[in-house]
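What follows is one structure encoded as structure tokens, with my remarks underneath.
Rule-based calculations on the coordinates, nothing more; no lab input. Just so it is clear, the model here is predicted, and its values are computed rather than measured. Here the Cβ positions follow ideal geometry from the backbone for every residue, glycine too, while neighbour counts run over all protein chains shown.
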Amino acid sequence: MMKILGIETSCDETAAAVVEDGTRLLSNVVFSSMDLHAVYGGVVPEIAARSHIESIIPVIQQSLEQANCNWDDIDGIAVTYGAGLGGSLLIGVMTARTLAIVKNKPLYAVNHVEAHIYANFLTETSLPDYTLLKRAPEFPMLGLIVSGGHSQLVIWRNHFDYTLLGQTHDDAIGEAFDKVARILGLPYPGGPSIGEAAKKGNPLVFNFPKARMSSKYDFSFSGLKTAVLRAAQAEIGKDHTFPSHKLSEQLSEAQKANIAASFQRIAVETVVDKTILAFEEFQPKSVVIGGGVAASAELRHQLESHLPSAIGSNPTAEGLVGYQDPKLCTDNGAMVAVLGCYMAKHKQPLADPYTLEISPNLSM
Ligand code: KG4
Ligand code: ZN
């Protein structure tokens with residue numbers, strides 16, 4: 001039985017968790033500085049980094065307590081070293097390096113984007129209020145990562161053997177949700193607030209364009225965001241020179257709801273279309289989703305309605321598509337600990353606690 005402590009500080013969440021054997025969630029503690037950023041409509045890097053400094057030690061302490069562990073029970077430390085905000089990553093990595101030296105534990109350097117997918121390997125917990133996947137994904141596994149910083153489609157043949165099929169050329173899908181929310185005057189983070197507004201709107205009112213990419217599995221969301229801005233300006237009878245920050249006060253609730261619903265439909269269709277294409281080409285045994293936007297009800301709904309025709313039966317009944325608990329879709333330490341467990345099991349190289357550096361632009 002191997003227990004790994006996972007530490008995650010790549011953006012605005014200070015998070016730590018203990019995971020056993022890559023499948024059992026023993027604790028999961030997340031402190032978000034989101035409230036401090038909400039007034040700015042997005043994450044402010046300096047504020048995030050300062051908040052990590054204050055909360056990292058209490059968060060780690062609490063994650064050990066919740067797991068009923070002391071340091072002797074911990075077999076290794078896994079930490080996100082990229083991708084993410086430099087100042088934020090630094091706090092997690094320096095803390096993990098120090099603890100690895102002082103407590104004499106092996107250190108695993110984890111890629112944040114890979115970790116989002118590994119949250120789907122958690123199948124057991126005695127913590128209250130978690131609905132985990134019933135069974136772990138199988139290989140070949142198709143992974144869709146949709147977060148505030150990433151939009152990627154990846155095929156895994158086995159652990160640590162994967163190919164990046166495609167990614168965004170500009171904004172990440174979550175970033176597009178956040179920017180459109182700002183245009184509509186909806187609160188940050190945009191994903192949930194657009195989802196809520198969309199419930200009252202008609203998704204067919206606006207036919208926003210879907211980007212055509214030269215590479216089959218790549219995405220783009222900046223054109224969609226601009227199309228939303230132009231549609232909002234046109235709705236109130238203004239041209240492209242009308243300032244975006246003044247739009248929300250002139251749009252009616254019904255107009256906002258229709259724009260939100262239409263935008264959400266197209267943004268989600270963009271990633272679902274490519275997922276179906278990749279599904280048909282690679283015939284995976286599992287399809288898993290990671291990142292904050294994986295919590296989107298619209299994404300789950302569209303996958304459920306489109307995948308069956310691609311496979312000729314009901315995907316969810318077969319356990320082919322995994323929807324993990326939303327608390328494990330947004331940034332957390334558990335996903336980092338899970339990947340750390342598999343790195344240990346599969347004898348991946350250890351990180352040197354005296355030299356490990358952050359890698360803000362780390363790719364897959
Ligand atoms: O994975 P995450 O917590 O952080 C990054 O690694 O970026 O993702 C944050 C993103 C934000 O853009 C937020 O608007 C979006 O995930 N998000 C959602 C939902 N919850 C968070 N998007 C759609 N539906 C949700 N329920
Ligand atoms: Zn993330």
Notebook entry, point to check: How about the stretch 242-330: which GluC sites (Glu not before Pro) there lie in a loop by DSSP and see at most 13 other Cβ atoms within 10 Å?
Noted result: E249, E318
Notebook entry, point to check: lysines near K103 by alpha-carbon distance under 20 Å, same-chain residues fewer than 8 away left out - which ones?
Noted result: K3
Checklist line | Least to most buried among D331, D218, D273 (fewest other Cβ within 10 Å first) | finding: D273, D218, D331
Next item on the list: Give the percent of DSSP beta bridges with both residues in the chain that are antiparallel, rounded to the nearest 5.
Entry: 60 percent
Margin query: Antiparallel versus total DSSP beta bridges in the stretch 141-322: what percent is that, nearest 5?
Written below: 60 percent
Notebook entry, point to check: Using just the C-alpha positions of the chain as equal point scatterers, what log10 of I(q)/I(0) does the Debye formula give at each q in 0.09 1/Å?
Noted result: -0.50
Margin query: Going by Cα centres, the stretch 141-184 and the stretch 257-293 are how many Å apart?
Written below: 10 Å
Checklist line | C-alpha center-to-center spacing [the stretch 3-39, the stretch 193-254] in angstrom | finding: 33 Å
Check: Mind listing the phi-derived Karplus ³J(HN,Hα) values for the stretch 77-91, rounded to whole Hz, using 6.51, -1.76 and 1.60 with θ = phi - 60°, and x for any glycine or proline?
Finding: 10, 10, 9, 5, 10, x, 7, x, 7, x, x, 5, 4, 4, 5
Checklist line | Highest-MSF residue in the chain out of T275, T123, T241 [GNM, Cα springs under 10 Å] | finding: T241
Notebook entry, point to check: Relative to the longest principal axis of the chain, what angle (0 to 90°, nearest 10) does the C-alpha long axis of helix 297-311 take?
Noted result: 90 degrees
Item checked: Value of [θ]222 nm, deg cm²/dmol, for the chain, DSSP H segments ≥ 4, -39500 (n - 2.57) each, nearest 500 -> -12500 deg cm²/dmol
Check: Anyone know which of V338, V287, V102 comes out most mobile in the 10 Å Cα GNM of the chain?
Finding: V102
Check: So what J values fall out for the stretch 8-14 if you push phi through Karplus, 6.51 cos²θ - 1.76 cosθ + 1.60 with θ = phi - 60°, rounded to Hz, Gly and Pro as x?
Finding: 9, 9, 6, 9, 9, 9, 9
Next item on the list: Whole Å is fine, so just give me how far the alpha carbon centre of the stretch 52-90 lies from that of the stretch 333-352.
Entry: 14 Å
Next item on the list: For the chain, with a Gaussian network of springs between Cα atoms less than 10 Å apart, report the residue from S252, S33, S222 with the top mean-square fluctuation.
Entry: S252
Checklist line | Restraint check, K134/K274; K216/K238; K179/K285; K105/K285; K274/K347; K200/K238, Cα-Cα greater than 28 Å | finding: K216/K238; K179/K285; K105/K285; K274/K347
